[in-house]
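Student: Following this message is one structure expressed as structure tokens.
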Amino acid sequence: MPRLGSDPNNFWSNTPIGYTGRVSETAVYSVPAMHCGHCERAVREEISLLAGVESVEVDLETKLVTITGESLDDAALRAAIEEAGYEAA
Ligand SMILES: [Cu+2]
């Protein structure tokens, strides 16, 4: 399987989002257990509580969670996903 979540800083390194003077990072996690809007909401809520997180996108078809923000902490993001009741693959 691909390197999802293994190198979040380089996954979408050429982001077209260009706020001057700000460095936005993108982290992507595969969360296979997500299957409906409730799952999506739980994961989204836990992650958005973390410092630095600007946006959380959940794709239920690919089971991918994409987080954009500054100074994203891999361990904290994984912990938040677990806090919501899921596991980042
Ligand atoms: Cu669900």
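The values are calculated or read from the model by the stated rules, or taken from the named source; none is laboratory data. Just so we're clear, the structure is a prediction, and the values are computed from it rather than from any experiment. Here the Cβ positions follow ideal geometry from the backbone for every residue, glycine too, while neighbour counts run over all protein chains shown.
Student: Does ARG78 fit the bill of being of a type in the set (Lys, Arg), away from the ligand (no atom under 16 Å from the Cβ) and at pLDDT 95 or above?
Tutor: In short, yes.
Student: Report, by residue number, each residue of segment 67-89 that is surrounded by 15 or more Cβ atoms within 10 Å (Cβ to Cβ) and in contact (Cβ under 8 Å) with a residue 40 or more places away in the chain.
Tutor: Within segment 67-89, ILE67, THR68, GLY69, LEU72, LEU77, ARG78, ILE81, ALA84, TYR86, ALA88 qualify.
Student: Which of the residues belonging to segment 38-86 are under 21 Å from GLU25 (Cα atoms), in a loop (DSSP other than H, G, I, E, B) and of a type outside the set (Val, Ile, Thr)?
Tutor: Matches in segment 38-86: LEU49, LEU50, ALA51, GLY52, LYS63, GLU70, SER71, LEU72, ASP73.
Student: Would you say ALA89 is at pLDDT below 95, more than 16 Å from the ligand (Cβ to nearest atom) and either part of a loop (DSSP other than H, G, I, E, B) or small (Gly, Ala, Ser) (or both)?
Tutor: yes
Student: Being in contact with a strand residue (DSSP E or B) (Cβ under 9 Å, 6 or more places away or on another chain) and within 11 Å of the ligand (Cβ to nearest atom) is the filter here; which residues of segment 38-57 pass it?
Tutor: Residues satisfying the conditions are CYS39, GLU40, ARG41, VAL43.
Student: Give segment 30-73 a look and list any residue that's under 15 Å from ALA84 (Cα atoms) and either in contact with a Lys or Arg (Cβ under 7 Å, 6 or more places away or on another chain) or of a type in the set (S, T, N, Q) (or both), or say none.
Tutor: Result: SER30, VAL31, PRO32, MET34, SER48, VAL56, VAL58.
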